[in-house]
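Read-outs: derived from the displayed coordinates by stated rules, not from any lab. Given the structure is predicted, the values throughout are model-derived calculations rather than measurements. We place every Cβ from the backbone using ideal geometry, glycine too, and count neighbours over all the protein chains shown.
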């Protein structure tokens, strides 16, 4: 395994295939379909590596074609896979993704289950514990979403990782990434009370919380980042995204709204993951940015960089292939500053 640099961000959770249907079609029945490697933690790890920040993917893949393709991709990107497990029984997961004419995605069911569930649901906490020490020693952030909480084994592994990360003083970046399909719920449905109770420990541990406008409404009843921040006891930095609409943010006693980067979207899959990767890439290089006293201009500069990362991904198909390098992001930001872009 070739790793480009020490893993400064540990990304925990699912690596899977997004099966994109034709615009307006159903990937379960209609052709052509476009299979793309994805899964939010995997997307963030790959995006970080392309930007130049070392990352590790902590998860579990099947011993199958998808697993082999992922390992080849991660090797090419220089992502640390020392904590990426291989499941001999369960397959890697394929998610069916519908796309509308504007490129917006809608998650359907899954393909590939042989009756034992999927590899990402069965992360082995005991095996994980044996490889964490060197990763935790060099990391600066831990990233996860809420999907692992939908499966018993994955939830247990995440709990062990959170305890170990806490002992090392590693802050948690939480991307809510609410996907009701993974919980056996209907589409476009917010977390019911029983599920919200399972999400609560993550919400109250995060030092950085990213959520969509819909997720903020479902979980906090507000799309104001300052209100969301005050609703949580640890007062995390909060970012609320809304596709091409402005980003609402709150860091310390400061907050505001920042325009996103306008592009002609082909596929929005992975845009939020690229945004978060861009943000973490910047935070690794500016470790005091979220601490008081907050410098608003510096926060806005970092968010512009992150927004450009998300926008550039929308210009290609899939979540990983279109991910930009730091030089590409800076070029877009330079054009915007000159008045030729759309920040």
Rounded to the nearest 5, the percent of DSSP beta bridges in the chain running antiparallel is 40
Cut-off 20 Å, label point 7 angstrom out along Cα-to-Cβ of residue 253: give me the residues of the stretch 200-241 whose amide nitrogen falls inside.
225-238
Scan [x] 27, 49, 20, 5, 0; [y] 30, 58, 12, 0; [z] 33, 62, 5 for the value of P(r) over Cα pairs in 20 Å bins from 0, in percent calculated from this model and give just the label.
[z]
To the nearest 0.05, the calculated FRET efficiency linking residue 291 and residue 153 through their beta-carbon distance, R0 being 56 Å, is 0.95
The stretch 9-337, relative contact order [Cα under 8 Å, separation at least 6], %:
17
Point-to-point label distance, residue 234-residue 29, nm (Cα→Cβ direction, 7 Å offset):
4.5
Please figure out what share of the DSSP beta bridges in the stretch 10-129 is antiparallel and state it in percent, rounded to the nearest 5.
45
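Do the sum for the chain: with -39,500 (n - 2.57) for every DSSP H run of n ≥ 4, divided by all residues, what is the mean residue ellipticity at 222 nm, to the nearest 500 deg cm²/dmol?
Working: 11 runs with 124 residues, N = 343.
Mean residue ellipticity at 222 nm (helix-derived): -11000 deg cm²/dmol.
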Computed label-point distance, nm, for sites residue 163 and residue 86 using a 7 Å Cα→Cβ extension
2.9
Once you keep just the Cα pairs under 8 angstrom separated by 6 or more residues, what percentage relative contact order results for the stretch 24-165?
21
Express as a percent, rounded to the nearest 5, the fraction of DSSP beta bridges in the stretch 198-343 (both residues included) that run antiparallel.
65
